[in-house]
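Here the structure comes first, spelled out in structure tokens, and everything after it is commentary.
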Amino acid sequence: MTRLAILRQKGPGEAPYWQRFEVEGTPNMTIAALLDKLNYDDDVFDIDGKPTTRVRWECSCLQGQCGACAMVINGRPALACDTFLRDLKGDEITLAPLTKFPVVADLVVNREAIERGLQEAKMYLEAPEADNSLAADDKPVTNDPSNREESHIAGENASGKPRTAAAHNEKLHDLQYTAARCLKCGLCLEICPNYVHGRQFLGSLLANNAFLLHSQSEERQQELKESFDAHFLIGCSKSLSCEEICPVGISTLASLFFMNRRRTH
Amino acid sequence: MDASTSAPPHAAAPRNVLVIGDGISGLTCAINCAKAGMHVTLASSTVPERAQSVMAAAGINAALGRKDGDNPLSHLEDTMKGGCFIADEQAVAGLCDDAPAIVRWLADIGVPFNRDAAGDIILRAMGGHSHKRTAYAGTSTGKQIVTALTQQSRRYECDGLITYRMNLVFHSALVVDGVVYGALFFDEHLHKLEPILADAVVMATGGQNGVFGKTTGSTLCDGYAAGKLFIQGARLKNLEFIQYHPTTIETPQKRMLVSEAARGEGGRLFYLDGDRRVYFMEDLYGPRGNLMSRDIVSKAIFDAPSQVYLDVTFLGAKAIMQKLPEVYEICLRYGGVDITKDPVPVAPSVHFFMGGFAVDRHHRTNLAHLYAIGECASIYHGANRLGGNSLLAAVHSGRVAAQAIGEDNPAGAPPDLSPLITDATNAVDRVMSSPSRYPAIYVKRDMATIMNRDLGITRDEGRLDRARGDIDYYLDISKKLAFDSDVSPYQAFSLEGMLPLARAIITCAAARKESRGAHIRDDFPENSPDYRYATLISFAEGRYEVEWRPESQAVDVAKDWGER
């Protein structure tokens, strides 16, 4: 039997409380599998046998690719679907919602601030080439036969140019690829000593997005640098706890290095 | 299609478009509408990072035709053949013609496709394709595309052309006399319904996974939206064609996909006869046998006399770590198998739905001003989808729908919708105030058990009859039961869409008395020219009515909306 202690909360603004459960877990189960078992094997009872409500948590992919199930497991921020019982120590597993975001219910938090913050920091790509390449087709995008040309053989010109000359720089390509895998899960903000919900500082999540856009953008580099300064650099104390916690292995240090190096040019 | 080339002919004021779902098709449609000057509300229960699109691993197809003379016509032929010749050829031609421009556009907006030393995009082999034509970005092509699209959509959010609404779960369409004026959403945080009105509504809600319980895909794609709209008058199509992906592994939380890239890079399937390895796909179909289309491989694995394994060990650890790191990671972490050392036991599992909303070539449904795109729409894949065509269809359908919305007549002023909204609000309030402790998910679990049991890789009349009887029972009792609503009232009201969808899938499967693509009948093992049509299904006062038509005539579009 696996002992679970879960920090529960009925709804926004309500008082949180700990509740304990016993679930039959096996070493190769993840916390996600354990929560599913707790919720839906049968009606739910706490450790004293008292009937209770089902524990709310968020999930989508169940395999570490989407970031939905971020929570605090044994005091450490992690993805539930990517945390195995075999790797957890102690007699009891504690599950709590992320502390840096408002609680919706139980282990579900409202992370809307991440998306709104990225919008406020204008983390977008100006891509005039995209407009050109679409307009250059000079035909509507349609399945309508009356608009179709003869099937054309797409030649070299259709190979798609890389976004920057850097595509041949393997190291930069790898960094861009990894940065683009950001799940917006919020684990890096949870562990960050400086992130506070609602403030301008958006932690490594912003730094890595700024790096990605900056490295892809000839058009907005100055603006992105300023945004990087205002939303990241000014508040970062370089604890770099975000480096270890990122579930897809994005290196804030590399982003920082890249942004700093570029500004000396 | 910038604003100057696609200025909507009828537009006096910019039209308001409601896009429901923020995966790849929804984002693409929203971006293209905004680009044409329209106002878009992008509504989703979550954020693009959680959409099932991020899980698409193997790549996106385009006949980039460099070294081996590939061209869109060949892509068209393979797609038609893979779909067993029932898809609308003209629509598929549009898809394949658009593919090179799509990949070029995606590269332009920052998708880091893998490239060779000369800077050309590398193409990989996938099942059912006569050429290598699948472009990919590492092992997370879908995720890389989602990131690039969010970087575009955010630009229009900053311009005020896209309004992004999160935490909204689709409840129902606001439909009066076959005309759609908007949709109702359940706000998961505020716990109440909210109407959003629009000149055009686009469904981009993904596949029907939830009807089968946990599949390889996202738990968020549950089929409710398609089922609810079916009840509200939308015509669905080809629901019997459900793709079983041949290679998935069992884990304690779900069946996980082993990407087709593993076979594209050379992986071999075998079973053991005593100590002897039988490479049955190669025995049956020759050296390229492991890369037959998914319907054929899944059936062969299903027919194998013992456990089937996928072997990539001979590629060597270096090549595996370089080309298939995600496959390595999934098998090791979740399945406990090191694929550099051992073959991995695999079995087919539900993966993709070729069926969905019946749409015309402009992605219009039979309900006026309602469009459907991405996996929830049924148009390009016929009886079986080829690997790499789903990402392509997601982007293409978003582009096509945006173009059509700019050209079609917008919905006029809505009639009084308050009775509709009041009824829906009262119904949801009843669900929320229910004192019952019985969770709706128990019914969903039983539904999934029935569907997996009787709509597996092969079907027959006996099993389909049994499934119909069982689902009818749950349809009946779910109307009488009250459910636990402390998880979310959505758990309960979503049954109102999912159960009828399950029933519709069974009805389509029973009606098609032949074997074609992913629909294999033990009692009708042959392919029949009598069924070279689309299976259309409508809900008419409680009856599930099936009709056969050529795919190109699947939808009659209202004259005053946009008949062409």
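Brief remarks on what is shown
- Positions within the range A:45-66 being more than 7 Å from every other protein chain (Cβ to nearest Cβ) and under 17 Å from B:S259 (Cα atoms), in sequence order: A:G64
- Residue within the range B:207-226 that is touching a Pro at 6+ places or on another chain (Cβ under 7 Å) and either in a strand (DSSP E or B) or at pLDDT 95 or above (or both) present: no
- Taking strands (runs of 3 or more DSSP E) as the structural unit, those lying wholly within the range B:230-280 and holding at least 1 residues that are away from every other protein chain (no Cβ under 14 Å) correspond to B:242-250, B:268-273, B:276-278.
Listed here are the residues, each with its yes/no results for (1) at pLDDT 85 or above; (2) surrounded by fewer than 22 Cβ atoms within 10 Å (Cβ to Cβ).
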| position | (1), (2) |
| --- | --- |
| A:N132 | no, yes |
| A:K139 | no, yes |
| A:G160 | no, no |
| A:R163 | no, no |
| A:Q176 | yes, no |
| A:C188 | yes, no |
| A:F201 | yes, yes |
| A:A207 | yes, no |
| A:A210 | yes, no |
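- Sole exception among (1) assigned to a helix (DSSP H, G or I); (2) away from every other protein chain (no Cβ under 12 Å); (3) over 30 Å from B:H129 (Cα atoms) for B:S390, by number: (3)
- The residues of the range A:1-48 that are touching a residue at least 60 places away in the same chain (Cβ under 8 Å), under 27 Å from B:Y334 (Cβ atoms) and assigned to a loop (DSSP other than H, G, I, E, B) amount to a single one, A:G25.
- Residues that are touching a helix residue (DSSP H, G or I) at 6+ places or on another chain (Cβ under 9 Å) and of a type in the set (D, E) were ranked within the range B:163-216; the one that is farthest from A:A33 (Cα to Cα) is B:D199.
- Among the residues of this structure, A:L107 does not count as one that is touching a helix residue (DSSP H, G or I) at 6+ places or on another chain (Cβ under 7 Å) and crowded, with 22+ Cβ neighbours inside 10 Å.
- For the range B:261-274, the condition of being of a type in the set (S, T, Y) and assigned by TED's automatic domain parsing to the domain that holds B:A304 holds for at least one residue.
- Top-ranked residue of the range B:54-65 - restricted to ones that are facing chain A (nearest Cβ under 7 Å) and part of a loop (DSSP other than H, G, I, E, B), ranked as surrounded by the most Cβ atoms within 10 Å (Cβ to Cβ): B:A63
- Filter result (in contact with a Phe, Trp or Tyr (Cβ under 7 Å, 6 or more places away or on another chain), assigned to a loop (DSSP other than H, G, I, E, B) and closer than 15 Å to B:M354 by Cβ) within the range B:533-564: B:Y533
- Among the residues examined, B:N452 qualifies as modelled with pLDDT of 95 or more, over 30 Å from B:A125 (Cβ atoms), within 21 Å of the chain's Cα centre (by Cα) and not hydrophobic (A, V, I, L, M, F, W, C).
- For the range A:176-194, the criterion of being touching a Cys at 6+ places or on another chain (Cβ under 9 Å), within 29 Å of B:D108 (Cβ to Cβ) and among the aliphatic types (A, V, I, L, M) is satisfied by at least one residue.
- Taking the criterion of being in contact with a Pro (Cβ under 9 Å, 6 or more places away or on another chain) and aromatic (F, W, Y), the residues of the range B:514-560 that qualify are B:Y533, B:F539, B:Y544.
- Scanning the range B:277-306 for residues that are over 13 Å from B:G387 (Cβ atoms), in contact (Cβ under 8 Å) with a residue 60 or more places away in the chain and not aromatic (F, W, Y) yields a total of 1.
- Test result for A:L172, modelled with pLDDT under 95 and touching a Lys or Arg at 6+ places or on another chain (Cβ under 9 Å): no
- Residue selected from the range B:513-532 under the condition touching a residue at least 24 places away in the same chain (Cβ under 8 Å) and assigned to a loop (DSSP other than H, G, I, E, B), by the criterion farthest from the chain's Cα centre (by Cα): B:D523
- Residue list for the range B:447-460, restricted to those being part of a helix (DSSP H, G or I) and either closer than 22 Å to A:F45 by Cβ or of a type in the set (K, R) (or both): B:R453
- Checking each residue in the range A:209-222 for being more than 11 Å from chain B (Cβ to nearest Cβ) and either within 15 Å of A:R111 (Cβ to Cβ) or not in a loop (DSSP other than H, G, I, E, B) (or both) picks out A:A210, A:F211, A:H214, A:Q221, A:Q222.
- Answer residue from the range B:281-312, given it is assigned to a helix (DSSP H, G or I) and charged (D, E, K, R) and is nearest to B:E326 (Cα to Cα) among those: B:R294
- Residues satisfying the stated conditions in the range A:184-239, i.e. in contact (Cβ under 8 Å) with a residue 40 or more places away in the chain, aromatic (F, W, Y) and more than 25 Å from A:P97 (Cβ to Cβ): A:F211
- The set of residues in the range A:182-208 that are touching a Lys or Arg at 6+ places or on another chain (Cβ under 9 Å) and part of a helix (DSSP H, G or I) comprises A:L189, A:E190, A:I191, A:L205.
- Evaluation of A:F21 against (1) within 14 Å of chain B (Cβ to nearest Cβ); (2) on the phi < 0 side of the Ramachandran plot (one fails), failing number: (1)
- For the range B:403-420, the set of residues classified as touching a strand residue (DSSP E or B) at 6+ places or on another chain (Cβ under 8 Å), buried (at least 18 other Cβ atoms within 10 Å of the Cβ) and either more than 14 Å from chain A (Cβ to nearest Cβ) or free of Cβ contacts under 8 Å to residues at least 60 places away in the same chain (or both) consists of B:P410, B:A411, B:L420, listed by residue number.
- Residues of the range B:421-467 that are under 18 Å from B:Y490 (Cα atoms), of a type in the set (K, R) and in contact (Cβ under 8 Å) with a residue 60 or more places away in the chain: B:K444, B:R445.
- Sole residue being exposed (fewer than 14 other Cβ atoms within 10 Å of the Cβ), among the hydrophobic types (A, V, I, L, M, F, W, C) and closer than 25 Å to A:N110 by Cβ, chosen from A:V196, A:V248: A:V196
- Of the candidates A:V23, A:V44, the single residue that is more than 26 Å from B:N167 (Cα to Cα), modelled with pLDDT under 95 and more than 24 Å from the chain's Cα centre (by Cα) is A:V44.
- Candidate set: the range B:275-312, residues that are at pLDDT 95 or above and of a type in the set (G, A, S); chosen: the one surrounded by the most Cβ atoms within 10 Å (Cβ to Cβ): B:S298
The values are calculated or read from the model by the stated rules, or taken from the named source; none is laboratory data. Just so we're clear, the structure is a prediction, and the values are computed from it rather than from any experiment. Glycine also receives a Cβ, built like all others from the backbone with ideal geometry; neighbour counts cover every protein chain displayed.
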